[in-house]
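Novice: Below you will find the structure I want to go over with you.
The values are calculated or read from the model by the stated rules, or taken from the named source; none is laboratory data. Keep in mind that this is a model prediction, so the values were computed, not measured. Note: ideal-geometry Cβ built from the backbone for every residue, glycine included; neighbour counts use all protein chains shown.
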Amino acid sequence: MNIVLIGKGSILFSLALKIKEYSYLNIDMIIWDNRSNNKKDLHFFENLKKKFKIIKVKNINQSSAIKLIKNDIDYILSVNNTQIFNKRFVEIFKNKIINYHYSLIPSYKGLYSCTKVILKNEKYTGITWHIVTNKIDNGPIVFQKKIMIKKNENASSLIIRLNAECIKTFMEFIKNLKKKRFTKNKKKIKDFRLYLKKDKYTTISTTMHSKKILQTFKAFDYYPFTSPLPKLKIFLDKFFKINIINKIKKPNKKFAKFLKINKNEYLIKTLDNKYLKINVCNN
């Protein structure tokens, strides 16, 4: 089976090494998603360059990029790829493009699915491999694996566990792909959309319950990865971007809504009379 990998980051790196273990799987080439030049990912690119044919591409839909891929390729695996394939690309490689997605489709399609499931307090999520069509995350499902979301899960820890599950179950996915065991993506579901331009999800306040504040922070916490989302904000004496939030015991000093400790630290009292220490960006 001849494969082209398109994407970037640690999961693409791990998957390429996994594929290399099997003699009947061959990586014809890797197309590195270079739309956003993340320095943290560069060492993965450099290490892959030693083992595979790899090319950086900013726009996968350009004719020059499409020509890089052989017409007789068996499958194109899109893994941590931020670029959307246009109609022409999908038609040229019809039923050959398989996307790796961080949710149990049809729930939580599109971007930021790990943030969404934590915000919505879901108990379970998972991974999906599905055929790419002209509708986002809407093609037939090749393979899914369900996992439980842990109590103190944040976005980054969830991504790490989902990626580990992807590597662990990769050959089950390949087995379904070879035997063409596909499930139609029929179920219609009202999906949750994250409108980042609105303050509903990106701003917290002392009028919120402590549990909701901590849950929101965890949903936006991608450290040590580069976050695809803006930092959360809070209005105290002015708007601040938030670095860290920690729950603390009731302080000795009384205050109404918030107390400034220093230029980067504040204590806040929440709606349910709990106390949090917040580290902020002072700029």
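Novice: Please work out if Asn279 is under 30 Å from Thr82 (Cα atoms), of a type in the set (S, T, N, Q) and either touching a Pro at 6+ places or on another chain (Cβ under 8 Å) or in a strand (DSSP E or B) (or both).
Specialist: no
Novice: Whether any residue in segment 110-117 is of a type in the set (D, E, K, R) and either more than 27 Å from Ser156 (Cβ to Cβ) or assigned to a loop (DSSP other than H, G, I, E, B) (or both) is what I want to check.
Specialist: Taking every residue of segment 110-117 in turn, none turns out to be of a type in the set (D, E, K, R) and either more than 27 Å from Ser156 (Cβ to Cβ) or assigned to a loop (DSSP other than H, G, I, E, B) (or both).
Novice: When you go through Phe240, Phe225, Phe255, Phe192 one by one, which is the residue that is at pLDDT 90 or above and either assigned to a loop (DSSP other than H, G, I, E, B) or assigned by TED's automatic domain parsing to the domain that holds Pro106 (or both)?
Specialist: Result of the check over Phe240, Phe225, Phe255, Phe192: Phe255.
Novice: What about Asp272, is it touching a residue at least 24 places away in the same chain (Cβ under 8 Å) and within 30 Å of Lys40 (Cβ to Cβ)?
Specialist: Considered against the rule, which asks whether it is touching a residue at least 24 places away in the same chain (Cβ under 8 Å) and within 30 Å of Lys40 (Cβ to Cβ), Asp272 comes out as no.
Novice: So, in segment 258-275, of the ones that are hydroxyl-bearing (Ser, Thr, Tyr) and not in a loop (DSSP other than H, G, I, E, B), which residue ends up surrounded by the fewest Cβ atoms within 10 Å (Cβ to Cβ)?
Specialist: Among them, the one singled out is Tyr275.
Novice: Inside segment 200-220, can you point out the residues that are in contact with a strand residue (DSSP E or B) (Cβ under 9 Å, 6 or more places away or on another chain) and not in a helix (DSSP H, G or I)?
Specialist: Answer for segment 200-220, where residues must be in contact with a strand residue (DSSP E or B) (Cβ under 9 Å, 6 or more places away or on another chain) and not in a helix (DSSP H, G or I): Thr203, Ile204, Ser205, Thr206, Phe220.
Novice: Going through segment 102-151 one residue at a time, which ones are surrounded by 16 or more Cβ atoms within 10 Å (Cβ to Cβ) and charged (D, E, K, R)?
Specialist: Lys109, Lys116, Glu122, Asp137, Lys145, listed by residue number.
Novice: Still on this structure: For Ile245, work out the one condition from (1) touching a Leu at 6+ places or on another chain (Cβ under 6 Å); (2) modelled with pLDDT under 90 it doesn't fulfil.
Specialist: Answer for Ile245: the failing condition is (2).
Each row is one residue, and each column tells you yes or no for (1) under 25 Å from Ser14 (Cα atoms); (2) surrounded by fewer than 17 Cβ atoms within 10 Å (Cβ to Cβ); (3) touching a residue at least 12 places away in the same chain (Cβ under 8 Å).
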site	(1), (2), (3)
Lys70	yes, yes, yes
Leu77	yes, no, yes
Asn80	yes, no, yes
Lys87	no, yes, yes
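Novice: Output the residues belonging to segment 3-52 that are acidic (Asp, Glu) and either in a strand (DSSP E or B) or touching a residue at least 60 places away in the same chain (Cβ under 8 Å) (or both).
Specialist: Asp28, Asp33
Novice: Now for a separate question. Being surrounded by 15 or more Cβ atoms within 10 Å (Cβ to Cβ) and within 21 Å of Glu21 (Cβ to Cβ) is the filter here; which residues of segment 166-184 pass it?
Specialist: Once the filter is applied, which keeps residues that are surrounded by 15 or more Cβ atoms within 10 Å (Cβ to Cβ) and within 21 Å of Glu21 (Cβ to Cβ), segment 166-184 yields Cys166, Thr169, Phe170, Phe173, Ile174, Asn176, Leu177.
Novice: Need the failing condition index for Asn163 against (1) under 15 Å from the mean Cα position of the chain (by Cα); (2) more than 16 Å from Ile19 (Cβ to Cβ), just the number.
Specialist: The number of the failed condition is (2).
Novice: Scan segment 162-189 for residues that are polar (S, T, N, Q) and either modelled with pLDDT under 85 or part of a loop (DSSP other than H, G, I, E, B) (or both) and jot them down.
Specialist: Correct list: Thr169, Asn185.
Novice: Can you find even one residue in segment 229-245 that is touching a residue at least 40 places away in the same chain (Cβ under 8 Å) and within 18 Å of Ser113 (Cβ to Cβ)?
Specialist: Yes, the conditions are met somewhere in segment 229-245.
Novice: Let me ask something else. Taking only segment 157-181 into account, find how many residues are out of contact with any strand residue (DSSP E or B) (no Cβ under 6 Å at 6 or more places or on another chain), closer than 27 Å to Thr115 by Cβ and touching a residue at least 40 places away in the same chain (Cβ under 8 Å).
Specialist: Going through segment 157-181 one residue at a time, the tally reaches 5.
Novice: Tally the residues that are touching a residue at least 24 places away in the same chain (Cβ under 8 Å) and either more than 30 Å from Asp72 (Cα to Cα) or part of a loop (DSSP other than H, G, I, E, B) (or both), restricting the search to segment 90-109.
Specialist: 10
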